Amino acid sequence: MKRLLLLILLCFQAYIFAQQIPITGKVLSGNVPMGNATIYLLKESDSTIINYTSSSEAGNFNLKVDKISQPTILKVNSDDYDEYFTRFEKIEGPISLGNISLEKMKSTEIQEVVIQSAAPPVKIKKDTVEFNAASFPVRPDSNI
């Protein structure tokens with residue numbers, strides 16, 4: 001009987017700790033929902049991807065992560081729109097970001113261009129996931 005009780009308690013404990021925390025929101029452009037926007041969560045220290053997803057046709061997203069006790073950055077990207085990002089000190093419970101409005105990139109005539117940017121580490125296009133290999137740290141002696 002004691003063994004059965006111990007087994008049940010261990011299974012219940014594993015179930016409690018295995019649950020993931022949702023980060024939810026809706027991506028909009030003005031008042032129009034934006035489907036297929038890429039949402040990803042990065043470690044602030046080294047920009048390593050923790051998890052990623054894309055928005056539905058209605059603009060909704062649900063990104064699930066484990067508890068995180070270090071600073072992270074959530075980014076939202078979509079072609080031809082400015083990038084949105086927000087920082088979290090730690091993630092311990094469900095987070096609802098509400099409506100996230102992305103602004104259309106503005107074009108202006110300029111005389112000199114200096115590009116300083118980082119390509120998004122993950123981009124989701126319908127049924128294809130594109131990874132930027134330079135965004136993933138690899139040891140020099142690693143076999144890939």
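The values are calculated or read from the model by the stated rules, or taken from the named source; none is laboratory data. Only a predicted model underlies this, so the values are computations on that prediction, with no experimental measurement involved. Cβ coordinates were reconstructed from backbone atoms using ideal geometry, including for glycine residues, and neighbour counts include every protein chain displayed. SASA here: full protein model, heavy atoms, side chains in, ligands and nucleic acids out. Shrake-Rupley method; radii C 1.70, N 1.55, O 1.52, S 1.80 Å.
Yes/no matrix, rows are residues, columns are (1) within 22 Å of Ala133 (Cα to Cα); (2) open to solvent by less than 80 Å² (accessible area, probe 1.4 Å); (3) without any contact (Cβ under 8 Å) to a residue 40 or more places away in the chain:
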{"residue": "Ser47", "(1), (2), (3)": "yes, yes, no"}
{"residue": "Thr72", "(1), (2), (3)": "yes, yes, yes"}
{"residue": "Val76", "(1), (2), (3)": "yes, yes, no"}
{"residue": "Ser96", "(1), (2), (3)": "no, no, no"}
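Is there a residue in the range 102-121 that is farther than 21 Å from Ala37 by Cα and charged (D, E, K, R)?
yes
Just to be sure before I move on: is Glu103 farther than 20 Å from Gly59 by Cβ and not hydrophobic (A, V, I, L, M, F, W, C) in the structure I sent?
no
Looking at this structure, is Phe88 over 20 Å from Met34 (Cβ atoms) and surrounded by 10 or more Cβ atoms within 10 Å (Cβ to Cβ)?
Spelling it out, Phe88 is indeed over 20 Å from Met34 (Cβ atoms) and surrounded by 10 or more Cβ atoms within 10 Å (Cβ to Cβ).
For the range 16-45, which residues satisfy the criterion of being free of Cβ contacts under 8 Å to residues at least 60 places away in the same chain and among the β-branched types (Val, Ile, Thr)?
Within the range 16-45, Ile16, Val32, Ile39 qualify.
Within the range 34-144, which strands (runs of 3 or more DSSP E) (wholly inside it) include 1 or more residues that are modelled with pLDDT under 90 and not polar (S, T, N, Q)?
Passing ranges, in order: 122-125, 128-131.
Test Gly59 against the criterion of being loosely packed, with under 10 Cβ neighbours inside 10 Å and either among the charged types (D, E, K, R) or closer than 26 Å to Leu28 by Cβ (or both), and give yes or no.
So Gly59 does not fit the description; no.
With the requirement that a residue be open to solvent by 80 Å² or more (accessible area, probe 1.4 Å) and closer than 23 Å to Leu28 by Cβ, what does the range 98-144 give you?
Asn99, Glu103, Lys104, Met105, Lys106, Ser107, Lys125, Lys126 - these are the residues of the range 98-144 that are open to solvent by 80 Å² or more (accessible area, probe 1.4 Å) and closer than 23 Å to Leu28 by Cβ.
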